[in-house]
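K.L.:
Mind having a look at this structure? Questions to follow.
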Amino acid sequence: MNDFLKTFQSTWECDIKARFHKGLINYERQLQSILYNQLRVRLTNDFEIYIEPVFYQLEKIKPDMVITKANKIIAIIELKSKPWEYPTFFTDMKKLERFRKEINVDEEIVLGWIPKSADWYEQDKYKDSKLCYKIDQNLLLIMALITRYDSDVVTKEAKDFQPYTDNKNFYIFLGYIDQNKEIVFKRK
């Protein structure tokens, strides 16, 4: 397991679980901000965390989080937090799958802009190599959900989510309150 995946898993199973238990995560934006903060604390400075960057190569898709290291995109993360509902997450899983299938590892991707113009459309004139990335050949695709104990993503086997789970680098992380009122956070 690579270092980032280990860090993500321990952050999910410890920090996110603890904050959920305290009642600090009820919505997706709360999950996103707390996850960002906890990852930022745990990761070294050679990692960058982008929140909802726009991928113009894929019809302006915006994943919830993108993790980079050494000018490589190493992880793309989609989040859902609907602890008392049945989340619709297949659109997010399809979005993750598109990154694996539709972006070439040699393609240059700009994740940020240095503000040199008030006109957004002029930004490409000022492309900065520090903000250009390529997809890592071992790109991690992570779907992290807080949901009900009886939702499909909890009750079904990982193989039921094919073709997504066919990818050895596709991971599902779950958080839910089980039937005994215990809080469970784990990797599926």
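K.L.:
In the stretch 60-67, is there at least one residue being at pLDDT below 95, in contact with an Asp or Glu (Cβ under 7 Å, 6 or more places away or on another chain) and not charged (D, E, K, R)?
P.N.:
Among the residues of the stretch 60-67, at least one is at pLDDT below 95, in contact with an Asp or Glu (Cβ under 7 Å, 6 or more places away or on another chain) and not charged (D, E, K, R), which makes the answer yes.
K.L.:
Scan the stretch 59-67 and tell me whether some residue there is touching a residue at least 60 places away in the same chain (Cβ under 8 Å), in contact with a strand residue (DSSP E or B) (Cβ under 9 Å, 6 or more places away or on another chain), under 20 Å from K101 (Cβ atoms) and of a type in the set (V, I, T).
P.N.:
Yes, that holds for at least one residue.
K.L.:
Mind counting the residues in the stretch 12-41 that are more than 16 Å from V66 (Cα to Cα), touching a helix residue (DSSP H, G or I) at 6+ places or on another chain (Cβ under 8 Å) and without any contact (Cβ under 8 Å) to a residue 40 or more places away in the chain?
P.N.:
Qualifying residue count, the stretch 12-41: 3.
The values are calculated or read from the model by the stated rules, or taken from the named source; none is laboratory data. Here the structure is a predicted model, which is why all the values come from computation and not from measurement. With ideal geometry, Cβ positions are generated from the backbone for all residues, glycine too; neighbour counts draw on all protein chains shown.
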